[in-house]
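See structure below.
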Amino acid sequence: MPLLPKDPPPGPSREDFWLSPVRGPWLTTILGSVLLVAVVIVGATGFLSHAAYNPDLGANAVVPRDHDLQLLIFDWPTRPVWLFALNQSLHTIVGIIAVPLLLAKLWSVIPKLFAWPPVASPAKALERLSLLGLVGGAIFQFGTGIFNAQLYYPWHFNFVVAHYYGAWVFLTALALHVAIKLPTMRRAIRERGALQPLIDGIAATEAEPYEAGGLAPPVPEPATISRRGVFALVGAASAGLFVVTAGQSIGGPLRSVALLAPRGRGTTFPVNKTARLARVTPAMVGAAWRLELTSGGDGGTAPLMLSRAALLAMDQHSHDLPIACVEGWTTTQRWTGVRLKDLAARAGAGKDMLLHVESLQPHGAFRQTTLSTDQWHDDQALLALQVNGADLPLDHGYPARIIVPALPGVHCTKWVGKLAFGAAA
Ligand SMILES: Nc1nc2c(c(=O)[nH]1)N[C@H]1C(S)=C(S)[C@@H](COP(=O)(O)O)O[C@H]1N2
Ligand SMILES: [Mo]
């Protein structure tokens, strides 16, 4: 005995509830294809960003390493110096401007959400389950990413961990979905052409042929927007989002109109976390401050305690290097300080050692980082003491901070208290 009536109840479960003549397999195919390109860029740059943390080193891993799904872990390079900035800008910019596309794509398939009966067969049940991963995953990934870029955390989980596993759920469901839908997409393009329907204005816009259980409406209303109008609308929305966000990473005149980018306007040199928030007090960084420099751990040499004057007496090097935050903002400044490899020599560190960095900041996830051998060997890798020709401001890490080419901003540790060269753990 069926639990549900065979005929759908009045409302969105009835096919004749949906009237738009532009909704149909062709529109969904093209919206889906463009969205797919965006998602591939965002997914690839997301996994690269994960690799850029060098999660195999020291305490760098944010996603627990013992139950991590690692496909793409390699020694993150230091050149070109803007590599991480480019990667992270692509990730956030493409992720943000894809939102109108995602909404249009979801709009184009909304009748499917109300399909009757809700579960027609075990195979359909499986397909709907995968759609839960797909649509739920998409909303979760775009939602958490954008909230993070807005510095808004209305949840109790670790963003990086959730966003990382969310990517696996979403991209797995997406791969399955594309595989299932490929024949439908090919048919839509074969029958109507990839771009042909964009030629029609409103007057010539007609519905695609109705098929039971398909996307085209059985009884379409006259068109109020053409198909190219749909793409113009989506394109304009994406362009608008680009204008109000991309300035935080691209800079230039766009920076002043980056209204939706919390670190975009007002300054070309944002502060991620102030000394106050990090509980670093002026007393901690006063005349009594010393850099503790060690090599080899417990069995190694006695620690050197270097004052700022002692560091300033060493060879100083200046380089224009970007800081790029995972949240998407980027800024390039002129940093001056001591080369990390000169400090390694001073400490008597072995060439194949790692560099463990500790901040004076008493608590928090960003108070330590581990740099790879290649990273501290780089000629431009600095313990910076100055920026733009003046002492580092306290909020930017006075008395000393890490600046390494192509290093994620989060590893450019501020208020450094200790540099320990040592073996891999
Ligand atoms: N000790 C410490 N260092 C830190 C952080 C921090 O919170 N504490 N934030 C990091 C992050 S996430 C970024 S993006 C950069 C930002 O540097 P800025 O605030 O000087 O622009 O500093 C990094 N260094
Ligand atoms: Mo950051």
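For segment 413-425, the candidate set comprises residues that are surrounded by fewer than 23 Cβ atoms within 10 Å (Cβ to Cβ) and in a loop (DSSP other than H, G, I, E, B); within that set, the residue that is nearest to ligand 1 (Cβ to nearest atom) is Ala425.
For Ala349, the conditions (1) within 30 Å of Ile96 (Cβ to Cβ); (2) buried (at least 17 other Cβ atoms within 10 Å of the Cβ); (3) in contact with a Leu (Cβ under 9 Å, 6 or more places away or on another chain) all hold with the exception of (1). Within the option set Val39, Val22, being open to solvent by less than 50 Å² (accessible area, probe 1.4 Å), of a type in the set (A, V, I, L, M, F, W, C), outside any helix (DSSP H, G or I) and out of contact with any Pro (no Cβ under 6 Å at 6 or more places or on another chain) holds for one residue only, Val22.
Is it the case that segment 369-377 has a residue that's within 15 Å of ligand 2 (Cβ to nearest atom) and surrounded by 18 or more Cβ atoms within 10 Å (Cβ to Cβ)? Checking segment 369-377: at least one residue is within 15 Å of ligand 2 (Cβ to nearest atom) and surrounded by 18 or more Cβ atoms within 10 Å (Cβ to Cβ).
Every residue in segment 59-72 that is at pLDDT 85 or above, in contact with a helix residue (DSSP H, G or I) (Cβ under 8 Å, 6 or more places away or on another chain) and open to solvent by 50 Å² or more (accessible area, probe 1.4 Å), please.
Val62
Restricting attention to segment 268-302, the residues being open to solvent by 30 Å² or more (accessible area, probe 1.4 Å) and either in contact (Cβ under 8 Å) with a residue 40 or more places away in the chain or touching a helix residue (DSSP H, G or I) at 6+ places or on another chain (Cβ under 9 Å) (or both) number 18.
Would you mind listing the helices (runs of 4 or more DSSP H) fully within segment 98-213 where at least 1 residues are open to solvent by less than 70 Å² (accessible area, probe 1.4 Å) and at pLDDT 95 or above? Break it down into steps so the answer makes sense when it comes.
Values: elements: 99-108, 110-113, 122-131, 137-149, 159-192.
Because the criterion is at least 1 residues that are open to solvent by less than 70 Å² (accessible area, probe 1.4 Å) and at pLDDT 95 or above, the helices (runs of 4 or more DSSP H) in segment 98-213 that meet it are 99-108, 110-113, 137-149, 159-192.
The single residue among Leu340, Leu392, Leu355 that is free of Cβ contacts under 8 Å to residues at least 24 places away in the same chain, away from ligand 2 (no atom under 16 Å from the Cβ) and open to solvent by less than 10 Å² (accessible area, probe 1.4 Å) turns out to be Leu392. Can you tell me which condition Asp56 does not meet? The list is (1) closer than 30 Å to Thr373 by Cβ; (2) modelled with pLDDT of 95 or more; (3) surrounded by fewer than 19 Cβ atoms within 10 Å (Cβ to Cβ), and all the others hold. Condition not satisfied by Asp56: (2).
Name every residue in segment 257-267 that is open to solvent by 80 Å² or more (accessible area, probe 1.4 Å) and within 16 Å of ligand 1 (Cβ to nearest atom), in order of residue number.
First pass over segment 257-267, keeping only residues open to solvent by 80 Å² or more (accessible area, probe 1.4 Å): 259-260, 265-266.
Arg265, Gly266, listed by residue number.
The set of residues in segment 233-283 being under 20 Å from the mean Cα position of the chain (by Cα) and of a type in the set (S, T, N, Q) consists of Ser238, Thr245, Gln248, Ser249, Asn272.
I'd like the residue in segment 395-412 that is touching a residue at least 40 places away in the same chain (Cβ under 8 Å), in a loop (DSSP other than H, G, I, E, B) and over 16 Å from Thr78 (Cβ atoms) and, out of all such residues, is farthest from ligand 2 (Cβ to nearest atom). My answer is Pro399.
The values are calculated or read from the model by the stated rules, or taken from the named source; none is laboratory data. Not measured: the values here are computed from a predicted model. Note that each Cβ is placed from the backbone with ideal geometry, even for glycine, and that neighbours are counted across all protein chains shown. Ligands, DNA and RNA are stripped out before the accessible areas are found, and what is left, the full protein with its side chains, is counted by its heavy atoms. Shrake-Rupley method; radii C 1.70, N 1.55, O 1.52, S 1.80 Å.
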